[in-house]
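**Student:** Take a look at the following structure, please.
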Amino acid sequence: MRSVARRLAAVSALLALGAAPAVAPAHASAQVTRQAAGSYARGPAPTLAGIRAALGPFAYSTVTVTAAQAGGAFGGGTIYYPDDTSQGTFGGVAAVPGYQSAEKAVAWLGPRLASQGFVVITIATNGLTDQPTARGKQLLGALDYLTAQSPAAVRQRLDPNRLAVTGHSMGGGGTLYAAWTRPSLKAAVPLAPWHTIKNWSGITVPTLVQGGTQDTTAQVGTFAEPIYQSLTGARERAYAEIADAAHGTFVRENPLIGALEVAWLKRFVDDDGRYEQFLCPAPADSELTEYRDSCPSS
């Protein structure tokens, strides 16, 4: 059953798809909580204020990946990983920027997600004009680097079986490609996605699509909404439309955009049911013009 906030938009028929340490506030050293078989809950009981904050409860460190170390799989990047080793391993997330954008366009996601209990790699692309498919392949290359070639301190903390992807603009299109290509992923979060393909019914990965009402580059009516509507094969899906958000809103820290991403990754990468409350029913937030999802999550 789908929850709807404020309005539902009709969507037309779709085409077929033939480093140095950085420290977050150390105000929590939480116990691992297993709520059910298969759950990997990490950190304290979540609150809305906690997931909206730029930094979460885990202290983290960083390591730089050079383009040479990436070996052509992607253009280098930065790994952010929790310092904690007492709670078991953490899920991994790769983030890619959009067209003509450097790694810094997704850099805000590194501290935000690592401090919430994820191993994160934010990447540069091999070329600034790389198209969505190339960006999707580089996302998967970054995840493969994390699981097989990253420093021992990173791999010690990473669960290679719990991985996710996210990206902005053409990187959001790449996120869709990566989720379609690798169904073993646990979650995908395309931000203001841009892709010429609008039918992603082949994706089975839980996917949260975010878009902005003031985006004139990837207009929600042309991109985010049809993409969400096409996700009929996804185990879970959601669509969040952010009021007054332009294309560039998604390349910097934002409490609502970040909170939704944290909640989605926690719910599906960690299988942590404590975060369902932030996704279902529809979040009561004046910054949300529209919200739809496959609530309740299975």
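**Student:** Taking other Cβ within 10 Å of each residue's Cβ, how do Trp200, Trp108, Trp194 sort, fewest first? Walk me through the intermediate numbers first.
**Tutor:** On the way: Trp200 30, Trp108 19, Trp194 26.
Fewest-to-most ranking of Trp200, Trp108, Trp194: Trp108, Trp194, Trp200.
**Student:** Another question about this same structure. What FRET efficiency comes out for Thr64 versus Arg252 if R0 is 25 angstrom and r is the Cβ-Cβ distance? Round to the nearest 0.05.
**Tutor:** On the way: r = 21 Å, r/R0 = 0.85.
Step by step, r from the Cβ atoms, then E = 0.70.
**Student:** Here's something else I'd like to know. Search the structure for amide H atoms under 5 Å from the amide H of Gly91, placed 1.01 Å from N in the peptide plane, and list their residues when 5 or more places away or on another chain.
**Tutor:** Val119, Asp159
**Student:** Let me ask something else about it. Once amide H atoms are built 1.01 Å from N in the peptide plane, which residues 5 or more positions from Leu288, or in another chain, come under 5 Å H to H?
**Tutor:** Ala243
**Student:** May I ask you to work out the translational diffusion coefficient for the range 62-199 at 4 °C, viscosity 1.567 mPa s, via Stokes-Einstein with Rh from the Kirkwood sum over Cα pairs, reported in whole µm²/s?
**Tutor:** Details: Rh = 14.2 Å.
D, rounded to a whole number, is 91 µm²/s.
**Student:** May I ask for the percentage of alpha-carbon pairs in the range 193-288 that lie more than 16 Å from each other? Walk me through the numbers on the way to the answer.
**Tutor:** Working: 2575 of 4560 pairs.
The share of Cα pairs beyond 16 Å in the range 193-288 comes to 56 percent.
**Student:** Which part of the range 176-206 falls in the paramagnetic zone of Thr222, meaning amide N under 16 Å from the point 7 Å along Cα-to-beta-carbon?
**Tutor:** Within reach of a label on Thr222, which here means backbone N under 16 Å from a point 7 Å along Cα→Cβ, the range 176-206 contributes 192-199.
**Student:** Out of all DSSP beta bridges with both ends in the chain, state the antiparallel percent to the nearest 5.
**Tutor:** Values: 20 of 44 bridges.
Just about 45 percent of them are antiparallel.
**Student:** Still on this model: Tell me which residues come under 5 Å, amide H to amide H, from Ala41 once H is placed; ignore anything under 5 positions away on its chain.
**Tutor:** Amide H to amide H, under 5 Å and 5 or more residues apart or across chains, Ala41 pairs with Thr33, Gln35.
**Student:** Same structure again: With n ≥ 4 as the cut-off for DSSP H runs, can you work out [θ] at 222 nm for the chain, using -39500 (n - 2.57) per run divided by the number of residues, rounded to the nearest 500? Spell out each step's value before the answer.
**Tutor:** Working: 8 runs with 69 residues, N = 298.
The helix-only estimate for the chain comes to -6500 deg cm²/dmol at 222 nm.
**Student:** Also, I was wondering about something else. Leaving out same-chain residues fewer than 8 places away, which lysines sit with a Cα under 20 Å from that of Lys186?
**Tutor:** By straight Cα distance, Lys186 reaches Lys137, Lys266.
**Student:** Another question, then. Give, as ranges by residue number, the residues of the range 213-228 whose backbone N falls under 17 Å from the point 7 Å along Cα→Cβ of Ala243.
**Tutor:** Label zone hits: 213-215.
**Student:** So, one more: Students often get this wrong, so try it: which of [x] 1, 5, 11, 15, 18, 18, 14, 10, 5, 2, 0, 0; [y] 1, 5, 10, 13, 13, 12, 10, 9, 7, 6, 5, 4, 3, 1, 0, 0, 0; [z] 1, 6, 14, 19, 20, 18, 12, 7, 2, 0, 0 is P(r) over Cα pairs in 5 Å bins from 0, in percent as calculated from the structure shown?
**Tutor:** Correct label, based on the coordinates given: [z].
None of the figures in this text is laboratory data; all of them are computed from the coordinates on show. Please read these numbers as outputs of a predicted model, since none were measured by experiment. Every residue, glycine among them, receives a Cβ derived from its backbone with ideal geometry; neighbour counts consider all protein chains shown.
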